[in-house]
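The values are calculated or read from the model by the stated rules, or taken from the named source; none is laboratory data. What you see is a predicted model; the values in this text were computed from it and never measured. Here Cβ is always computed from backbone atoms with ideal geometry, including for glycine, and neighbour counts include all displayed protein chains.
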Amino acid sequence: MASQPALDLNSYNPYLRGPYRPVERELTLGDLPVTGELPSDFSGAYFRNGPNPRVMPTGMHHWFDGDGMVHGVYLEDGQARYANRYVASADFEADSSGQLKKGGIMYPATFDGSPTTYKDTANTDILVHNGELMALWYVSGQPVRMNARTLETLRTETFDGKLPKNVSAHSKVDPATGEFLFFDYQLFEPRYSFGVVSSDNRLAHFTDIELPGPRLPHDMAITENYAVLMDLPVVLTEQALKAKRWNIHFDPKLNTRFGVLPRNGSGSDIRWFEFNSCYIYHVINAWEEGDEVVMTACRYLDNGRPLDDRFGPYAGMVDVLALRAHIYVWRMNMKTGETRETQLDDTVSEFPVINLGHTGKASRYGYLATIPDTSTQIFDGLMKFDFETSIGETYRFPLNCYGSEPAFAPRKDAQSEDDGYVVSIMTNTVDDTSALVVLDAQDMGARPVAQVHLPQRVPLGFHGTWANTHEMAAAEA
Ligand SMILES: [Fe+2]
């Protein structure tokens, strides 16, 4: 591949073009123009992580490989500010100085003694714990701490040197205790572990969990007393495991299992529940209800389409990235062992979020991106889904405009779970601009109450979050 001209290869890759192509500038800019009126009854910031290759690739490049970049839109006292910064992971720094030996997932894994076998970009997930941002990577990597007010990278997080190995994207913060509950897995070995970090950033608990083979879990859930971990049938093929390459398939011989583990338990305390075979990228929430542990999530759908030759060597990547899923609920009875699973909606939707204050406890509402039947992954609307009535209410982005994963921003002194706003960055593919849209969560179908016009386009990307101003530690002078 190295002898092929870079331009030819990149021209097949839709995730380096249009609304996906990287931006070149790191900016900090205040006093942004606003259409409508920015409500003054909420205060905080929306953060969005995603891939933004620092230099255009010269070989095969997966969308998941791009250097991490976090975009932040700060809304305080009716004023709006924007900043964006690369996630300066250890591998990003090594790559920038020409020292990195590892590549992306379209190349064989590299075993060089560092914590990961591919370039760890921390480009996937973003959350707030102990007052600071933490950028996380889907292949399980080294968490990167960033200052929530400036987006400057602070350090690679090791929890005082106590982190045994890595942390996966979609590890969770418990709003009730301030704890960070995380999982770690390894691509080529049946290794899976769970840990708890205290609200003041100390590793408080860690345990290994036995697996029958290497797995690729993407998310986990927490409840008041448990963590829910996943053993899913999308795995690396036998040949990929031997060749140490990234090539995944759905193995029909494997079941879908959810493991319910007491939060302070050891791996042998895990209780596995079997369900109909499926894959799950993203959990919506989980909680306890009587004897049951209840989990809501987006259940992946095979799109059933043939590979599209237009994308040449990227046809397989494009096929997998055209995400399709439906909202489901799974119930696990801890006393009787009974299970139940139910589809709740037939809208194709993914990238779910909730009011983060309800993480791990009963929640009535989820907010999801709706996904049209297009070849690349785009979000054409945001749906508020009511789990009590199973009714969704959707805001559709204007023509040629596509959103990012939403986040729920609570109103100050909120009176109910949905008392607040739903925010998302919208990118206009015609005029190449982006805006933060602010929707009234109690009137989702209505026009945005405000749009904050950002100083540059924000490439479509991965996960976002909301942090209230008081949750962000002050920037150091
Ligand atoms: Fe994800």
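Of all residues in region 367-412, those satisfying the criterion of being free of Cβ contacts under 8 Å to residues at least 40 places away in the same chain and more than 22 Å from the chain's Cα centre (by Cα) are Glu388, Thr389, Ile391, Pro398, Leu399, Asn400.
Looking at the structure I just gave you, is Arg81 touching a residue at least 24 places away in the same chain (Cβ under 8 Å), farther than 21 Å from Asp125 by Cβ and of a type in the set (Lys, Arg)? The answer is yes for Arg81.
Just need a number here: residues in region 319-340 that are at pLDDT 95 or above and either surrounded by fewer than 20 Cβ atoms within 10 Å (Cβ to Cβ) or of a type in the set (Phe, Trp, Tyr) (or both).
Qualifying residue count, region 319-340: 13.
Counting only strands (runs of 3 or more DSSP E) that sit wholly inside region 424-474, those with at least 1 residues that are over 30 Å from Asp200 (Cβ atoms) and in contact with a His (Cβ under 9 Å, 6 or more places away or on another chain) are 433-440.
Does region 42-62 include one or more residues that are among the aliphatic types (A, V, I, L, M), within 21 Å of Pro459 (Cα to Cα) and surrounded by fewer than 21 Cβ atoms within 10 Å (Cβ to Cβ)? Before the answer, list the steps.
Keep residues of region 42-62 that are among the aliphatic types (A, V, I, L, M), which gives 45, 55-56, 60.
Remaining after also requiring within 21 Å of Pro459 (Cα to Cα): 45, 55-56, 60.
In the following step, the residues that additionally are surrounded by fewer than 21 Cβ atoms within 10 Å (Cβ to Cβ) were identified as 55-56.
Checked against the condition, which is being among the aliphatic types (A, V, I, L, M), within 21 Å of Pro459 (Cα to Cα) and surrounded by fewer than 21 Cβ atoms within 10 Å (Cβ to Cβ), region 42-62 yields at least one hit.
Of all residues in region 55-69, those that are part of a loop (DSSP other than H, G, I, E, B) and within 21 Å of the chain's Cα centre (by Cα) total 4. Would you pick out the residues in region 180-208 that are surrounded by fewer than 20 Cβ atoms within 10 Å (Cβ to Cβ) and not in a strand (DSSP E or B)? Hits for region 180-208 are Gln186, Phe188, Glu189, Pro190, Ser198, Ser199, Asp200, Asn201, Arg202. Considering only residues of region 114-141 that are outside any loop (DSSP other than H, G, I, E, B) and more than 16 Å from the ligand (Cβ to nearest atom), which is nearest to Ala88 (Cα to Cα)? Among those that are outside any loop (DSSP other than H, G, I, E, B) and more than 16 Å from the ligand (Cβ to nearest atom), it is Leu133. Scan region 239-282 for residues that are closer than 18 Å to Cys298 by Cα and of a type in the set (Asp, Glu) and the total you get is 1.
Residues in region 401-423 that are within 18 Å of Val23 (Cα to Cα) and in a strand (DSSP E or B): Cys401, Tyr402. Reported count of residues in region 252-285, each being assigned to a strand (DSSP E or B) and either among the polar types (S, T, N, Q) or without any contact (Cβ under 8 Å) to a residue 24 or more places away in the chain (or both), is 2. Counting only residues that are buried (at least 19 other Cβ atoms within 10 Å of the Cβ), small (Gly, Ala, Ser) and more than 23 Å from the chain's Cα centre (by Cα), region 271-318 holds 0 of them. Inside region 145-183, residues that are touching a Leu at 6+ places or on another chain (Cβ under 9 Å), within 16 Å of the ligand (Cβ to nearest atom) and either touching a residue at least 40 places away in the same chain (Cβ under 8 Å) or not aromatic (Phe, Trp, Tyr) (or both) make up a count of 8.
The set of residues from region 34-52 being assigned to a loop (DSSP other than H, G, I, E, B) and under 22 Å from Arg411 (Cα atoms) comprises Glu37, Leu38, Pro39, Ser40, Asp41, Phe42, Ser43. The residues of region 217-233 that are among the acidic types (Asp, Glu) and within 16 Å of the ligand (Cβ to nearest atom) amount to a single one, Asp219.
May I ask you to list the residues in region 230-254 that are within 15 Å of Pro108 (Cβ to Cβ) and of a type outside the set (A, V, I, L, M)? Of everything in region 230-254, those that are within 15 Å of Pro108 (Cβ to Cβ) and of a type outside the set (A, V, I, L, M) turn out to be Thr237, Gln239, Lys242, Lys244, Arg245, Trp246, Asn247. Test Thr158 against the stated conditions and say whether it is among the polar types (S, T, N, Q), assigned to a loop (DSSP other than H, G, I, E, B) and under 23 Å from Trp63 (Cα atoms). No.
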